[in-house]
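To keep things clear, I will list the structure first and then write my remarks on it.
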Amino acid sequence: MRSYHLETPGTVEGIVPRDTAEPPEPGPHDILVRIHAVSLNKRDLLILNGSYPLKAAPDVIPVSDGAGEVVAVGAEVTRFSVGDRVTGTYFPRWLDGRITPALIDQPGATLPGMLTEYALIDQEAAVRIPDHLGWEEAACLPCAGVTAWNALTGGGDPPLPGETVLTLGTGALALFAVQFAKLLGAEVVATTSSPAKAERLKTLGADHVVNYVESPEWAADVRQLTGGRGADLIVETGGPDTIEQSVRASALYGRIALVAANSPRRPSLEITTDALASSLITMRRLFVGSRTHFEQMNRAIALHGLHPVVDRVFPYDDVHAAYRYYATGAAFGKVVIRVA
């Protein structure tokens with residue numbers, strides 16, 4: 001069995017492969033999963049660089065998101081059987097309700113991650129994959145997918161059909177938000193920096209696209225596109241760089257799902273009183289989601305036959321190349337590593 005380990009933080013070369021004799025034996029409540037694919041997220045770069053808020057365990061197996069096949073089960077496992085297709089959850093102990101500090105352990109940080117040929121997962125920390133998805137697509141779901149679903153539906157006030165959802169940029173989470181918002185019947189306004197990306201966003205389902213390079217004060221464009229009303233729900237992935245415009249683009253009783261709260265360019269979230277005076281917004285901070293969110297999302301994905309956007313797939317021997325490519329920010333969709 002071969003696994004990768006974060007031996008030396010700070011450099012991609014610090015992620016090193018190791019061989020062990022055989023896969024581990026599952027405990028009473030564990031499932032042994034043969035991993036077929038993993039996908040990278042921004043947090044994987046932050047953990048590599050030592051700037052993630054949650055300190056990584058020494059020599060940890062990286063990456064939170066992976067999908068594979070159950071090949072063995074513990075004596076007391078009831079949720080899964082050999083042959084089931086599963087993914088792990090981002091927060092293995094957050095099953096439902098609100099998250100608490102006691103539930104913050106994460107694979108690839110404080111717990112062994114998915115960049116391995118076989119992973120032991122507690123049965124409570126796994127969900128079944130929608131049947132129509134391939135391994136590479138399924139590996140995209142646990143972080144970006146669940147976060148986007150939670151942003152749209154987890155606040156108790158999801159967008160109604162005909163309401164307007166605003167998404168920012170073309171990161172993997174924003175692309176999921178476009179897809180899910182259309183699935184829910186919303187009108188989607190997206191922002192991007194290039195005409196080529198604008199066309200791809202429209203193909204994905206966006207009704208309108210605003211170029212934020214050509215229109216730095218893009219909130220006015222959003223209001224014009226919505227007849228002056230503004231966006232009912234904004235999936236805020238830019239944090240300090242975009243929060244002012246997001247508030248200005250919001251409808252009177254708009255909701256902002258705040259996914260990103262930091263930026264290398266701005267030290268804090270700043271909103272002018274003038275912007276706040278124009279609306280009665282509700283802002284909700286969130287971080288990924290629970291197993292219940294994941295299962296709700298998977299039911300919707302299965303019902304509508306939705307496919308995640310995969311930008312590029314790397315072989316297992318090219319882990320360093322996958323990390324480097326992902327770090328460029330050039331991907332439109334998820335960067336995936338095929339394991340098996």
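Numbers below:
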{"read-out": "Filter result for Phe91 (of a type in the set (Phe, Trp, Tyr), part of a loop (DSSP other than H, G, I, E, B) and in contact with a strand residue (DSSP E or B) (Cβ under 6 Å, 6 or more places away or on another chain))", "value": "no"}
{"read-out": "Subset of segment 221-241 (residues that are out of contact with any helix residue (DSSP H, G or I) (no Cβ under 6 Å at 6 or more places or on another chain) and either without any contact (Cβ under 8 Å) to a residue 24 or more places away in the chain or of a type in the set (D, E, K, R) (or both))", "value": "Asp221, Arg223, Gln224, Gly227, Gly228, Arg229, Asp232, Asp241"}
{"read-out": "Test for Asp65: is it within 27 Å of His132 (Cα to Cα) and of a type outside the set (A, V, I, L, M)", "value": "yes"}
{"read-out": "Tally, over segment 254-284, of residues that are charged (D, E, K, R) and at pLDDT below 95", "value": "4"}
{"read-out": "Residue in segment 320-328 that is assigned to a loop (DSSP other than H, G, I, E, B), touching a helix residue (DSSP H, G or I) at 6+ places or on another chain (Cβ under 6 Å), without any contact (Cβ under 8 Å) to a residue 60 or more places away in the chain and closer than 18 Å to Arg43 by Cα present", "value": "no"}
{"read-out": "Residue, farthest from the chain's Cα centre (by Cα), within segment 184-207, restricted to residues that are hydroxyl-bearing (Ser, Thr, Tyr) and loosely packed, with under 15 Cβ neighbours inside 10 Å", "value": "Ser194"}
{"read-out": "Some residue of segment 297-317 being under 22 Å from Ile256 (Cα atoms), within 20 Å of the chain's Cα centre (by Cα) and modelled with pLDDT of 95 or more", "value": "yes"}
{"read-out": "Subset of segment 199-220 [part of a helix (DSSP H, G or I) and either of a type in the set (Gly, Ala, Ser) or touching a residue at least 60 places away in the same chain (Cβ under 8 Å) (or both)]", "value": "Arg200, Leu204, Ala219, Ala220"}
{"read-out": "Number of the exception - Pro107 against (1) in contact with a His (Cβ under 6 Å, 6 or more places away or on another chain); (2) surrounded by 19 or more Cβ atoms within 10 Å (Cβ to Cβ)", "value": "(1)"}
{"read-out": "Residue list for segment 39-82, filter: assigned to a loop (DSSP other than H, G, I, E, B), β-branched (Val, Ile, Thr) and either under 19 Å from Phe287 (Cβ atoms) or touching a Ser or Thr at 6+ places or on another chain (Cβ under 6 Å) (or both)", "value": "Ile61, Val63"}
{"read-out": "Segment 115-171, subset open to solvent by 10 Å² or more (accessible area, probe 1.4 Å), part of a strand (DSSP E or B) and not aliphatic (A, V, I, L, M), residue nearest to Tyr323 (Cα to Cα)", "value": "Tyr118"}
{"read-out": "Members of segment 242-269 that are surrounded by fewer than 18 Cβ atoms within 10 Å (Cβ to Cβ) and touching a residue at least 24 places away in the same chain (Cβ under 8 Å)", "value": "Leu252, Tyr253, Ala261, Ser263, Arg265, Arg266, Pro267, Ser268, Leu269"}
{"read-out": "Pick from segment 270-289, criterion part of a loop (DSSP other than H, G, I, E, B) and without any contact (Cβ under 8 Å) to a residue 60 or more places away in the chain, ranking: least open to solvent (accessible area, probe 1.4 Å)", "value": "Ser279"}
{"read-out": "Scan of segment 2-35 for residues that are touching a Lys or Arg at 6+ places or on another chain (Cβ under 9 Å), open to solvent by 20 Å² or more (accessible area, probe 1.4 Å) and not in a loop (DSSP other than H, G, I, E, B), ordered by number", "value": "Arg2, His5, Val12, Pro17, Arg18, Asp19"}
{"read-out": "Any hit, segment 304-326, residues being within 26 Å of Arg200 (Cα to Cα), open to solvent by 40 Å² or more (accessible area, probe 1.4 Å) and of a type in the set (Ser, Thr, Tyr)", "value": "yes"}
{"read-out": "Residue pairs meeting the criteria (Cβ under 9 Å; at least 6 apart or on separate chains; first among the aliphatic types (A, V, I, L, M), in segment 20-41; second modelled with pLDDT under 95)", "value": "Ala21/Met1; Leu32/Pro23; Leu32/Pro24; Leu32/Glu25; Ile35/Ala340; Ala37/Ala340"}
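The values are calculated or read from the model by the stated rules, or taken from the named source; none is laboratory data. No experiment lies behind these values; they were computed from the predicted model shown. Note that we place each Cβ from the backbone using ideal geometry, even for glycine, and neighbour counts take in every protein chain shown. Ligands, DNA and RNA are stripped out before the accessible areas are found, and what is left, the full protein with its side chains, is counted by its heavy atoms. Shrake-Rupley method; radii C 1.70, N 1.55, O 1.52, S 1.80 Å.
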